[in-house]
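**Q** Next up is a structure, given as structure tokens.
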């Protein structure tokens, strides 16, 4: 098998785990050099599954839990409802901020991100709300939501929440 015919065969082969290559030059499968051409234990195609990573990555893996949140026959808006719920909450928070209620709007934004962390933790499939691994998404949404909520509650003048040691830190570093 020449390198050119190996590349052509590789381009025509369907993608999937049954067509993984061993990473040899020209994309030859691991057992391509059998003299009798018998498929052996690897299946009818004569290709053997490889546990090695391919030399060239052709696709990216979907994040854990990144499947549809509703069946495939459902409309697109219904399939992505977790992401739309979080984005809707953030949009409402921004609208409240624009209507001159800074503290309440920022609190709504922080609570929306915390709700996104809870959705990512509880639901097995969250659609496009899944960006990275489940742990990283929960940590990111949770920390950002908590920090934004705390900043909203501690905003001056007349904060709704006072944390004495943070006031001392600000007094020591800024004033």
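The values are calculated or read from the model by the stated rules, or taken from the named source; none is laboratory data. Not measured: the values here are computed from a predicted model. Positions of Cβ are generated from backbone atoms using ideal geometry, with glycine treated the same way; all protein chains shown enter the neighbour counts.
**Q** Return the total of residues in the stretch 80-111 being touching a residue at least 40 places away in the same chain (Cβ under 8 Å) and out of contact with any helix residue (DSSP H, G or I) (no Cβ under 9 Å at 6 or more places or on another chain).
**A** Total satisfying the criteria: 0.
**Q** While we're here: Residues 92, 86, 108: which one is surrounded by fewer than 16 Cβ atoms within 10 Å (Cβ to Cβ) and at pLDDT 95 or above? Break it down stepwise before answering.
**A** Working: 86 fails: surrounded by fewer than 16 Cβ atoms within 10 Å (Cβ to Cβ); 108 fails: surrounded by fewer than 16 Cβ atoms within 10 Å (Cβ to Cβ).
None of the others qualify; the one that does is 92.
**Q** Suppose we filter 157, 124 for residues that are part of a loop (DSSP other than H, G, I, E, B), over 19 Å from residue 82 (Cβ atoms) and out of contact with any helix residue (DSSP H, G or I) (no Cβ under 7 Å at 6 or more places or on another chain); which single one remains? Explain how you work it out, then say what you get.
**A** Numbers: 124 fails: over 19 Å from residue 82 (Cβ atoms).
It is 157.
**Q** Please state which of the following conditions residue 101 fails to meet, knowing it meets all the rest: (1) more than 24 Å from residue 161 (Cβ to Cβ); (2) loosely packed, with under 15 Cβ neighbours inside 10 Å.
**A** (1)
**Q** Another question about this same structure. Select from the stretch 35-83 the residues that are at pLDDT 70 or above, surrounded by fewer than 16 Cβ atoms within 10 Å (Cβ to Cβ) and not in a loop (DSSP other than H, G, I, E, B) and list them in ascending order.
**A** 76, 77, 78
**Q** Does the stretch 120-145 hold any residues that are under 13 Å from the mean Cα position of the chain (by Cα) and crowded, with 16+ Cβ neighbours inside 10 Å, and which are they?
**A** Result: 120, 126, 127, 129, 130, 134, 137, 138, 140, 141.
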